[in-house]
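What follows is a short report on a single structure.
The values are calculated or read from the model by the stated rules, or taken from the named source; none is laboratory data. Not measured: the values here are computed from a predicted model. With ideal geometry, Cβ positions are generated from the backbone for all residues, glycine too; neighbour counts draw on all protein chains shown. These area figures cover heavy atoms from the full protein model, side chains too; ligands, DNA and RNA do not enter into them. Shrake-Rupley method; radii C 1.70, N 1.55, O 1.52, S 1.80 Å.
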Amino acid sequence: MIGAIHMRAFRKITAILVGKLVIIFSRIMGNQGTDFPGRLARRIYPAILQDLAMNIEKDIIVVTGTNGKTTTTNMIAGIIKENQNSYVHNRAGANMITGITTAFIQASNLSGQRRLDYALLETDEANVPLLLRELNPRILLITNFFRDQLDRYGELDHTINLIKDAVTGKDIELLLNADDPLMSHFQDQTGLHSWYYGFNDTNYDILDPAESREGRFCIVCGEELIYDRYHYAQLGNYHCPKCGNHNPAKQFAGGDLTMDPTIHFQINEMFITSPYQGFYNAYNIVAAVSLAKILDISDEIIREAILKVEPRAGRMERFMIARKPVVLILVKNPTGLNQSLSMLLQDPAEKNVFIALNDNAADGRDISWIWDAEVEVLSNENLGLQSFIGSGQRSGDIAVRAKYAGVPLEKIIIEPSLKYGIQLAVDRPSDRSYILCTYTALFECRKILSEMQKSAPHSLMEESNKRLPDSQE
Ligand SMILES: [Zn+2]
C-alpha cells in the first residue's frame with residue numbers, strides 16, 4: 001500500500017518534471033509546445049490533471065462557445081489579475097485536454113503542490129464532456145453557438161446535446177447568453193442554476209430578419225422563431241410562435257450601448273468602457289463582467305480591468321465569398337502589422353494578401369512606419385503568398401514596401417480602388433484572402449466584403465476542413 005502511494009507520487013513528479021523539460025525544450029526549438037508536454041505527462045501519470053486541479057483554492061472556470069472565447073477568457077484573466085488573484089490559464093490554440101494539462105504543469109512547481117486561486121480554462125465545445133470527466137468546475141460559461149460553414153451534418157446540435165448531457169447531474173453553475181436561442185433551454189433541461197446575460201435594446205439593433213440566417217429555429221419544437229430585433233448575427237429578441245419559447249430573463253443586462261467605435265455601455269448599474277470595438281466584443285465584455293460579478297469581484301476592479309484589456313492583434317472579421325474564406329484585419333501600426341503577418345504565417349493555406357494604406361489624419365499622415373514593420377514575412381516561403389494587392393490612398397507605397405520585402409514583382413498588383421482591389425484579392429487563385437487595412441479604410445472594406453458575401457452566396461458543401469487559425473477572436 002505504502003509502496004503504491006510512493007509509486008504514485010513518483011510518477012506524478014516525473015510527469016511534471018518531464019512536462020516542464022519538454023515545455024522548455026519546445027520553446028528552444030521555436031514552437032509553443034502546447035499540446036505535446038501535456039500529452040507526454042498524461043502518459044506517464046494519467047491522473048496528472050486531476051491531481052494538479054486539486055491545488056485550485058477558489059474556483060475552476062471553463063469558457064466555451066463558437067466565437068469570442070479567447071477574448072472573453074482574456075478579459076476574465078485581466079479582471080482576476082487586477083484583483084490580485086493567482087490563476088492558471090491555457091493559451092488560445094491549446095484548448096484540448098492535453099493543452100490544458102500543459103498549462104497546469106507550467107503553473108505548477110516541481111512537487112505539484114503550488115496553490116493557485118483560479119483555473120481559467122478555454123476549450124472547444126466538443127471538448128467540454130471530456131474536460132468535465134476530469135475536473136469539477138464551479139462555472140461553465142458559454143459565449144454562443146454559431147453555425148459555420150462546417151455544420152452541414154448538424155454537428156452543432158449534436159455538440160449542444162453533448163454539453164447538455166455532460167453538465168446534467170453535475171454540481172456546476174451555467175453562465176449563458178440569453179440572446180442566443182440555441183441555449184435558451186439549458187436551464188429547464190438541465191435543472192442547473194443558470195445565470196443569463198444579454199443586451200436590452202440598443203441603437204445598433206437590426207430589425208430586418210434578412211440580415212441573419214442562422215439559429216432561427218426553436219431549439220425546443222423546431223418552429224421558425226420570430227425576432228423583434230437582432231443585436232448581432234442570431235443574437236437578439238426572439239420568441240417561438242408555437243411553443244412560446246423566448247429569451248430567458250437576464251441577471252446581467254447590457255444597455256445604453258455606444259460604439260464610437262470603442263465600446264461604452266452599462267451592465268446593470270455599472271458603467272463600462274473598453275478599447276475593444278464591435279458588437280460581438282460588447283457581448284464578450286458582458287460575459288466576462290457577469291462572470292466576475294458571480295465571483296464577487298468589486299465593480300471598481302472590474303471596471304479598471306476592462307479598461308486595461310486591449311485587443312491583441314487588431315480586430316478581425318471573417319467573410320465567406322463564393323466559397324473562399326476572406327479575413328478582414330485592421331492594422332494601425334508596425335506592431336499590429338507584425339502581429340497580423342505572423343498570424344498569417346501560422347496559416348499554411350495559399351493566400352492572397354491585400355493591404356489598403358490610407359494617410360488620413362486618423363491613420364497617421366506619416367506612413368513611414370511601414371518600413372519599421374517586418375513586411376519581409378510576405379516573401380517567406382511558408383507564407384504561401386499567391387498575390388499581393390497594394391491599395392488605398394498610398395497603394396504605391398505599400399506595393400514598393402512589398403517589393404523591397406522580396407515579393408516577386410509578378411505577384412504584386414497596385415489597385416488604389418478598395419473595391420477593385422478587394423475584388424482582385426478574392427478572384428485571384430488562392431485558398432483564402434486576407435484583407436488588411438488602416439483605420440479609415442476599415443468601414444469601406446467591411447461594407448464591400450459584406451456586399452460581396454451577400455451577392456455571392458456560398459454553397460458550402462466543398463468547404464470541408466478549411467479552418468482558419470483561431471488565435472485572434
Ligand atoms: Zn418552439
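Computed values, structure above
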item	result
Ellipsoid semi-axes in whole angstrom, largest first, where each is sqrt(5λ) of the Cα gyration tensor of region 215-267	27, 12, 7
Most to least packed among 430-436, 184-190 [average Cβ atoms within 10 Å]	430-436, 184-190
Interchain or long-range residues, amide H under 5 Å from K332's placed H	L337
Spread of Cα-to-Cα distances over 10 Å intervals beginning at zero, given as percent, for the chain	4, 18, 27, 27, 17, 6, 1, 0
Rg and Dmax [Cα atoms of region 208-363; Å; Rg one decimal, Dmax integer]	19.1, 55
Within the accessible area of region 52-151 (1.4 Å probe), percent carbon and sulfur	43
Fraction of antiparallel bridges per DSSP, the chain only, in percent to nearest 5	35
Calculated from backbone phi, Karplus (6.51, -1.76, 1.60) coupling profile of region 40-45 in Hz, x at Gly/Pro	5, 4, 5, 6, 6, 9
Range of Cα positions in region 339-468 per principal axis (Å), largest first	45, 32, 26
Under 5 Å, built H, 5+ apart or other chain: amide partners of V88	Y118, A119, L120
Per residue accessible area of the chain, 1.4 Å probe, in Å²	44
Gyration tensor (alpha-carbon) shape descriptor, region 63-141, a/c threshold 1.5	oblate
Local electrostatic count at I23 - Lys and Arg +1, Asp and Glu -1, tallied over other residues with Cβ under 15 Å	+4
Region 156-268: C-alpha gyration tensor shape, a/c 1.5 cut-off, then a/b vs b/c	oblate
Filter on K58/K164; K20/K308; K170/K308; K250/K332; K58/K293 - keep pairs with C-alpha separation over 26 Å	K20/K308; K170/K308; K250/K332
Accessible surface of region 308-453, 1.4 Å probe, proportion on carbon and sulfur as whole %	49
Cβ-defined net charge surrounding T440, 10 Å radius [Lys, Arg +1; Asp, Glu -1]	-3
Net charge, H264 excluded, C-beta distance under 13 Å - Lys, Arg +1, Asp, Glu -1	-1
Dimensionless Rg/Rh of region 7-130 - Kirkwood Rh, Rg from C-alpha atoms	0.96
Three-way shape call for region 1-62 based on the alpha-carbon gyration tensor, with the a/c threshold at 1.5	oblate
Stokes-Einstein translational diffusion, region 366-412 - Kirkwood Rh over all Cα pairs, 1.306 mPa s, 10 °C, in µm²/s	146
Euclidean distance of C-alpha centroids, region 108-168 and region 236-287, integer Å	23
Relative contact order for the chain, counting Cα pairs under 8 Å that sit 6 or more residues apart, in percent	12
The chain: calculated mean residue ellipticity at 222 nm from DSSP helix runs of at least 4, using -39500 (n - 2.57)	-11000 deg cm²/dmol
